[in-house]
Amino acid sequence: MKRIICLAAALVTIVGLAAAPASAAEATAAVDFASAYVWRGLTFNDGFVIQPSIDVAGKNGFGINVWGNYDVNDYDDQLTSNDFSEIDLTVSYGTSFGKLDVGAGVISYLFPGAGSDSETAEVYLSLGYPIVGGLSAGMVIYYDFEALDELSYATLSLTYAYEITDKIGLEAGGSVGYAGEDFSAAYGGADGGLWDYTLSLSVGFTITDAWSASAGVTHVGALDDDNLIDGDTAGTLDTTTYVTVGVAYAF
């Protein structure tokens, strides 16, 4: 069922993009190099990973994103090194109502080495609003309709963006996360509730009209130690600080 819904959503998105003039669609290919793979406070690799992606966005609001995680390190023999452990497909739609940005989409999580039983999918709703200057607030709610059938995760965030020069930008952010009961239990948590916090700082560089680069550092921690468990295995709070550098090409 998940595959049918995701394929249908992808088809709708492709039709929406195709219906727009060619000049209304923009594509970006990117690759990030990170010292760890951390998702929602959970460490899935405490070593070097490569994360390529391609994003196609139409000015009509529709978009498609394909993202992958390639494990270079084997996380103390817990993973297969030099292999893709995850591929995510996202189809989305975004619009604005005055200053309020609203987005919605569906994400399919695929794990090539783990089999179809581990795959799942979520729908999400996002809201963003500029507060003052470069400060903005955001909220995203995720509902897992495949493996958990519940509100799996939600996050509130504040982001501050500052333009140092016309080619260099600085961004600082913080967020807090809330986990659903089944999501928490899947990773050893005692109950649903407050989950993680994230603090991040990044710098973006415009190289040419098409090329850009970025570098950043992120710190994560638990809001409730009974939910987000501290440990040294995949799926626990193992890595608390990691760095990322990336490059992107828009065409």
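The values are calculated or read from the model by the stated rules, or taken from the named source; none is laboratory data. Everything numeric here is computed off the predicted structure, so don't read it as measured data. Here the Cβ is made from the backbone with ideal geometry for all residues, glycine too, and neighbour counts use every protein chain on show. Just the protein is used for accessible areas: all its heavy atoms, side chains included, with ligands, DNA and RNA removed. Shrake-Rupley method; radii C 1.70, N 1.55, O 1.52, S 1.80 Å.
At a glance:
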read-out: Condition broken by D77, with the remaining ones in (1) at pLDDT 95 or above; (2) of a type in the set (D, E, K, R); (3) over 14 Å from I50 (Cβ atoms) satisfied; value: (1)
read-out: Residue in the stretch 179-197 that is farthest from L148 (Cα to Cα), counting only those that are open to solvent by 30 Å² or more (accessible area, probe 1.4 Å) and either among the acidic types (D, E) or touching an Asp or Glu at 6+ places or on another chain (Cβ under 9 Å) (or both); value: L194
read-out: Identity of the residue in the stretch 28-53, part of a loop (DSSP other than H, G, I, E, B) and in contact with a Ser or Thr (Cβ under 6 Å, 6 or more places away or on another chain), that ends up least open to solvent (accessible area, probe 1.4 Å); value: A36
read-out: Exclusive hit being buried (at least 17 other Cβ atoms within 10 Å of the Cβ), assigned to a loop (DSSP other than H, G, I, E, B) and of a type outside the set (K, R), set A147, A121; value: A147
read-out: Condition broken by V56, with the remaining ones in (1) out of contact with any Leu (no Cβ under 9 Å at 6 or more places or on another chain); (2) surrounded by 16 or more Cβ atoms within 10 Å (Cβ to Cβ); (3) assigned to a strand (DSSP E or B) satisfied; value: (1)
read-out: Number of the condition not met by Y129 [criteria: (1) under 24 Å from G63 (Cβ atoms); (2) crowded, with 18+ Cβ neighbours inside 10 Å]; value: (2)
